[in-house]
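The values are calculated or read from the model by the stated rules, or taken from the named source; none is laboratory data. Computed from a prediction, not measured in an experiment: that's the story for all the values here. Here Cβ is always computed from backbone atoms with ideal geometry, including for glycine, and neighbour counts include all displayed protein chains. Side chains are part of the model used for accessible areas, which takes the heavy atoms of the whole protein and leaves out ligands, DNA and RNA. Shrake-Rupley method; radii C 1.70, N 1.55, O 1.52, S 1.80 Å.
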Amino acid sequence: MADGEGTSPEAAGEPSPSAISFITTEHFTLQGARASTIAESTGRASMFLASVSGGLVAWGLVATATGAGGGFFAFGLVLLPTLAFVGLVTFERTLQSGIEDFGYVRRIARLRAYYFDNAPELAPYLLSVEPAARLRVQGLRGGYFQAFRTIAGMVGVITAVLVGSEAGLAAIAAFDAPAASFATGGVAALGVLLAMMRFQRGVWARAAADPITADEVPNT
């Protein structure tokens, strides 16, 4: 019986082969789920950008054909709200995908802790870090400007510009005052951008405040 000979892995304090298989499969599955969320976010963002590009090109052709007349304004007043709506729903969905990916990352961090607990000799090769830094190692960092670096943040910026352009176009169509149109569009774009970034930060804060394990949150 020396050195655990003749005893089960559980009795010897080692994980069973089935547990190792389950953990490995779970890690692989979570990595695949992460890839799916990232692919969906980039796909939706690409479709949104293609819609914006195609719509603006069509608007330019209308301007070339009709000049800056009634047809130009009518087309823009229909096109820009439509693109802004597509941007809003894309923003919300990419944000949801980002939160889903965040959950997968945290679960992977828990599995890494299991690896190091049961095989500490792997630490020099698998980059063992403190619990509070496990998410940062996987590329998830904080800070105020992080909201602008996400796919949802990028979509939010473009959507805010579309909303501001719509407000400015409506103002110049109604009052024929370029200065007022520029000011109206700028204020509308800035207001929408700040609202969307604040909403995004709130969603991320709620996700971070609901930890899977307490040791994954810094300063706890």
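Computed values, structure above
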quantity	calculated
Protection proxy ranking of 17-28, 72-83 - average other beta-carbon atoms within 10 Å, highest first	72-83, 17-28
Ordering of 113-119, 196-202 by packing [mean C-beta count within 10 Å, highest first]	196-202, 113-119
Rough spin-label spacing in nm, given labels placed 7 Å along Cα→Cβ, for Val187 and Gln31	5.3 nm
Förster radius 30 Å - calculated FRET efficiency between Phe145 and Asp117, Cβ distance, rounded to 0.05	0.25
Solution diffusion estimate, µm²/s, Stokes-Einstein, the stretch 14-90, Kirkwood Rh from C-alpha pairs, 4 °C, viscosity 1.567 mPa s	81 µm²/s
Residue-by-residue Karplus 3J(HN,Hα) for the stretch 177-189, coefficients 6.51, -1.76, 1.60, Hz, glycine and proline x	10, x, 5, 5, 5, 5, 5, 5, x, x, 5, 5, 5
Vicinal HN-Hα couplings computed from phi for the stretch 162-167 (Karplus, 6.51 cos²θ - 1.76 cosθ + 1.60; Hz; Gly/Pro x)	5, 5, x, 5, 5, 5
Protein accessible area in the stretch 61-111, 1.4 Å probe - carbon and sulfur %	69 percent
